[in-house]
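These notes are about the structure you will find just below.
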Protein chains: 2
Amino acid sequence: MFLGNFTHTIDSKGRLSIPVRFRETINGDSNGIVYLTTELDPCLVVYTVKEWSLLQEKIKNLPVMNKGVKEYRRLLYSRASECSLDKQGRILIPQKLRDHAGLDGDTYVIGNNNKIEIWKPERWDLIEAQAEEGLEEIQEELANLGL
Amino acid sequence: MFLGNFTHTIDSKGRLSIPVRFRETINGDSNGIVYLTTELDPCLVVYTVKEWSLLQEKIKNLPVMNKGVKEYRRLLYSRASECSLDKQGRILIPQKLRDHAGLDGDTYVIGNNNKIEIWKPERWDLIEAQAEEGLEEIQEELANLGL
DNA sequence: TAAGAAGTGGGGAAGAGTGGGGAATTATAG
DNA sequence: CTATAATTCCCCACTCTTCCCCACTTCTTA
């Protein structure tokens, strides 16, 4: 389980160190290898090998010819990159992905249960504020669901 | 069951000692490990491993793609942290969480049945006063409910 | 008033995060 | 096809945080 928000720095070589707490899971599930890609949000997403396989399974069961599904698959795979952690626990993020997520210097590495997200701080702060507002609105719904 | 309000101090290293009465439950349910996060209120929430698991179960049963649910999960996980008690019965509260709850120096550690809440005293006093006012208003309703 | 338990504070070792040099590999240009 | 440039990878070194341990103080209880 990936939890928490860590501020790490992307150095001049494009490397980003993964929080130690995440490394344990990555080494266990993945032998130090992760899949890096993008999804619907303007951030990068990191999957362990295990979670990546689960994602593949899910995608297999989606309707093949559906327009949205086709687009989703296209983006997911075209942007995906297999990365391995170096001896210091860092991944090298390809230039294109860095550009796509607007990453440079200080960066948030955020646990989202089964995946890790990498955010440009400004963008995350915005999303977070929106989420808080949204939460107020659905408070009662959540309460009804027992939360 | 967590009961009572204790004033403890967060030291310069960000550590907060958990009241002994709470530790017994934590060691029983959790082997000294707790989950620290935030919810709707401007305070921190502490769950035992057992209670955290129950929360996970509830979340699993929510609709995955629902916007509000996604936001809720994002906030919950991004702010969560697994903490273990040190030999003195303290937890180290991550800087970001301390900032979020405005914690520094004297702090209230409050039992709320199945979870512990950590409050900045000023904020708690406000909430408490509001709750008292609210209670007056709904007194009759409560009476009807058999309280 | 002594003894024990609870809360607090701090020193020091170990670990995490960061930066950079240099070799190896790949890409580019002539 | 070769020479040069760029990128990637591996290693070492430095700093700051975290973790572990011990000690002091206060409060309670006998």
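Is there a residue being at negative phi, part of a helix (DSSP H, G or I) and more than 16 Å from DNA strand C (Cβ to nearest atom) anywhere in the stretch A:102-119?
Scanning the stretch A:102-119 turns up no residue that is at negative phi, part of a helix (DSSP H, G or I) and more than 16 Å from DNA strand C (Cβ to nearest atom).
Which of (1) β-branched (Val, Ile, Thr); (2) under 28 Å from B:Thr7 (Cα atoms); (3) without any contact (Cβ under 8 Å) to a residue 12 or more places away in the chain is the odd one out, the single condition B:Val69 does not satisfy?
Just one mismatch for B:Val69, condition (2).
So, A:Ala101, is that one surrounded by 12 or more Cβ atoms within 10 Å (Cβ to Cβ), in contact with a Cys (Cβ under 9 Å, 6 or more places away or on another chain) and small (Gly, Ala, Ser) or not?
On the way: surrounded by 12 or more Cβ atoms within 10 Å (Cβ to Cβ): yes; in contact with a Cys (Cβ under 9 Å, 6 or more places away or on another chain): yes; small (Gly, Ala, Ser): yes.
Yes.
So which of B:Ile118, B:Ile127 is among the aliphatic types (A, V, I, L, M) and closer than 25 Å to B:Gly28 by Cα? Please lay out each step first, then the result.
On the way: B:Ile127 fails: closer than 25 Å to B:Gly28 by Cα.
When all the criteria are applied, what remains is B:Ile118.
Within the stretch A:85-107, how many residues are over 14 Å from A:Ser12 (Cβ atoms), within 8 Å of DNA strand D (Cβ to nearest atom) and over 15 Å from the mean Cα position of the chain (by Cα)? Reasoning before the result, please.
First pass over the stretch A:85-107, keeping only residues over 14 Å from A:Ser12 (Cβ atoms): A:85-89, A:91, A:94, A:96-97, A:99-102.
Among the residues that remain, those that are also within 8 Å of DNA strand D (Cβ to nearest atom) are: A:86-88, A:94.
This time we only want the ones that are over 15 Å from the mean Cα position of the chain (by Cα), so: A:86-88.
Here the count works out to 3.
Quick one: count up the residues across the stretch A:76-98 that are more than 16 Å from DNA strand C (Cβ to nearest atom), in a helix (DSSP H, G or I) and surrounded by 14 or more Cβ atoms within 10 Å (Cβ to Cβ). I'd like the intermediate steps shown before the answer.
Quick first cut of the stretch A:76-98, residues more than 16 Å from DNA strand C (Cβ to nearest atom) only: A:76-80, A:97.
The next check asks that each one be in a helix (DSSP H, G or I); those that pass are A:76-79, A:97.
Checking the rest, the ones that are also surrounded by 14 or more Cβ atoms within 10 Å (Cβ to Cβ) come to A:76, A:79, A:97.
Residues flagged as more than 16 Å from DNA strand C (Cβ to nearest atom), in a helix (DSSP H, G or I) and surrounded by 14 or more Cβ atoms within 10 Å (Cβ to Cβ) within the stretch A:76-98 amount to 3.
Give the stretch B:47-84 a look and list any residue that's within 16 Å of DNA strand D (Cβ to nearest atom), of a type in the set (A, V, I, L, M, F, W, C) and more than 9 Å from chain A (Cβ to nearest Cβ), or say none. Even if it seems obvious, please write down each step before you answer.
Here is the first cut: in the stretch B:47-84, the residues within 16 Å of DNA strand D (Cβ to nearest atom) are B:79-84.
Those still in the list that are of a type in the set (A, V, I, L, M, F, W, C) too: B:80, B:83.
Matches in the stretch B:47-84: B:Cys83 only.
List the number of the failed condition for B:Thr38; all other conditions in (1) away from chain A (no Cβ under 12 Å); (2) out of contact with any Phe, Trp or Tyr (no Cβ under 7 Å at 6 or more places or on another chain) hold.
With respect to (1) away from chain A (no Cβ under 12 Å); (2) out of contact with any Phe, Trp or Tyr (no Cβ under 7 Å at 6 or more places or on another chain), B:Thr38 is out only on (1).
Would you pick out the residues in the stretch A:122-147 that are of a type in the set (A, V, I, L, M) and either more than 10 Å from chain B (Cβ to nearest Cβ) or assigned to a helix (DSSP H, G or I) (or both)?
Quick first cut of the stretch A:122-147, residues of a type in the set (A, V, I, L, M) only: A:126-127, A:129, A:131, A:135, A:138, A:142-143, A:145, A:147.
A:Leu126, A:Ile127, A:Ala129, A:Ala131, A:Leu135, A:Ile138, A:Leu142, A:Ala143 - these are the residues of the stretch A:122-147 that are of a type in the set (A, V, I, L, M) and either more than 10 Å from chain B (Cβ to nearest Cβ) or assigned to a helix (DSSP H, G or I) (or both).
Given (1) within 14 Å of chain A (Cβ to nearest Cβ); (2) without any contact (Cβ under 8 Å) to a residue 60 or more places away in the chain; (3) within 16 Å of the chain's Cα centre (by Cα), where does B:Ile26 come up short, assuming only one miss?
It fails just one condition, (1).
What's the number of the only condition in (1) without any contact (Cβ under 8 Å) to a residue 60 or more places away in the chain; (2) among the small types (Gly, Ala, Ser); (3) on the phi > 0 side of the Ramachandran plot that B:Ser53 fails to meet?
Failing condition for B:Ser53: (3).
Residues that are away from DNA strand C (no atom under 12 Å from the Cβ) and hydroxyl-bearing (Ser, Thr, Tyr): list the strands (runs of 3 or more DSSP E) wholly contained in the stretch B:4-68 that include at least 3 such residues. Working first, answer last.
Values: elements: B:5-10, B:15-17, B:33-38, B:44-48.
In the stretch B:4-68, the matching strands (runs of 3 or more DSSP E) lie at B:33-38.
Read-outs: derived from the displayed coordinates by stated rules, not from any lab. This structure is a prediction, so every number in the text was calculated from the model and none was measured. Glycine also receives a Cβ, built like all others from the backbone with ideal geometry; neighbour counts cover every protein chain displayed.
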